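What follows is a set of notes on a single structure, which appears directly below.
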Amino acid sequence: MKKSLLKLTLAYAICVILIGLFWGAFATKHIVLWPKNDSFGNARIYSDIREGGFSTAEFFESDSALAVRMTLNSGIYHPHAGVEIPLESGLRELALEGTDFSNMDSVVLRFRASSDVVLVLDVADPQVSRAGDPLTLRPLKMDIPATRFYSEVRLPLSLLKPSKIWFDIHGIEPDSSLYMNRVVQAAVESGKGTLLGFPTEIEILQWEFTGKNRSVIRLSIGLLILFSCLYIAGVKNRWKKNPTLKKKKLR
């Protein structure tokens, strides 16, 4: 009797350990943009030229970093330039389906820059966005302070806010909708403190998004409850079969 109870307890302990290992390995979900992820498109530079501005940008070599050099020039209300990574390609890009970021909680960026930068997630607005026209994508923005030496920054995506200028350009009423389930592309661009007419650089060593894998969490909790119930039922069953053991336990 004691041996069977010991075996049952040992089996339960092993199940709990395995569930813990499974939780630790898969409970966190990652979307990695850099180092380069072949699941997504190639990084590309952009500037306000597509909006009628005169800023310029170019890639430059910097070991394994995603490195871009920009020069902002006056000409539009908000001069800017940066680097973007498309998250879809082919027919999916034309359909503006986007990548689902609804389970992502934070962004991890290991970078250095000579001035503040802005994280931008361009999402497909079901009312306004059109395939092939990046200016119709709704930009969600977050300011990130400059760091002149490589540093890792981890910030919650709850800081992302829709750009007010975008609403004005398209003549629609501002709202707080984020459409995080339809992210078409991600970008890092020039931010506060960038001087006009002077080159500024951004070098990115790591760029990823993390979040809770809710399906794994639910499965782990479900399995833990199931095995716990089976263990309790097994212990009770053995007590019923051996009243003597039950009396000893009560004493």
task = Kindly indicate whether Ser47 is under 17 Å from the mean Cα position of the chain (by Cα), farther than 30 Å from Ile221 by Cα, assigned by TED's automatic domain parsing to the domain that holds Gly191 and without any contact (Cβ under 8 Å) to a residue 60 or more places away in the chain.
result = no
ask   = Does Leu155 meet the test of being at pLDDT 95 or above, out of contact with any Pro (no Cβ under 9 Å at 6 or more places or on another chain) and either part of a loop (DSSP other than H, G, I, E, B) or over 16 Å from Val83 (Cβ atoms) (or both)?
value = yes
task = For Gly20, state whether it is small (Gly, Ala, Ser) and outside the structural domain of Pro145 (by TED's automatic domain parsing).
result = yes
note = Those residues of the stretch 193-218 which are part of a helix (DSSP H, G or I) and either touching a Pro at 6+ places or on another chain (Cβ under 6 Å) or touching a residue at least 12 places away in the same chain (Cβ under 8 Å) (or both) amount to Arg214, Val216, Ile217
inquiry  = Quick check on the stretch 179-202. Is at least one of its residues among the aromatic types (Phe, Trp, Tyr), at pLDDT 90 or above and farther than 30 Å from Thr56 by Cβ?
reply    = yes
key: Considering residues of the stretch 196-210 that are among the polar types (S, T, N, Q) and in contact with a Leu (Cβ under 9 Å, 6 or more places away or on another chain) only, the residue surrounded by the most Cβ atoms within 10 Å (Cβ to Cβ)   = Thr200
task = Would you tally the residues in the stretch 64-81 being of a type outside the set (A, V, I, L, M, F, W, C) and in contact with a Ser or Thr (Cβ under 7 Å, 6 or more places away or on another chain)?
result = 4
key: Exclusive hit being of a type in the set (A, V, I, L, M) and within 25 Å of Ser158 (Cα to Cα), set Leu72, Leu18, Leu96   = Leu96
ask   = Taking the stretch 37-54 as the region of interest, how many residues are under 12 Å from Pro86 (Cα atoms) and either of a type in the set (A, V, I, L, M) or out of contact with any Asp or Glu (no Cβ under 7 Å at 6 or more places or on another chain) (or both)?
value = 8
query = Could you say whether any residue in the stretch 94-112 is surrounded by fewer than 14 Cβ atoms within 10 Å (Cβ to Cβ), at pLDDT below 95, assigned by TED's automatic domain parsing to the domain that holds Leu155 and more than 15 Å from the chain's Cα centre (by Cα)?
reply = yes
ask   = Looking at the stretch 28-37, is at least one residue buried (at least 17 other Cβ atoms within 10 Å of the Cβ), assigned to a loop (DSSP other than H, G, I, E, B) and assigned by TED's automatic domain parsing to the domain that holds Glu189?
value = no
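The values are calculated or read from the model by the stated rules, or taken from the named source; none is laboratory data. These figures come from a predicted structure and were not determined experimentally. Every residue, glycine as well, gets a Cβ built from its backbone with ideal geometry; the counts of neighbours run over all protein chains shown.
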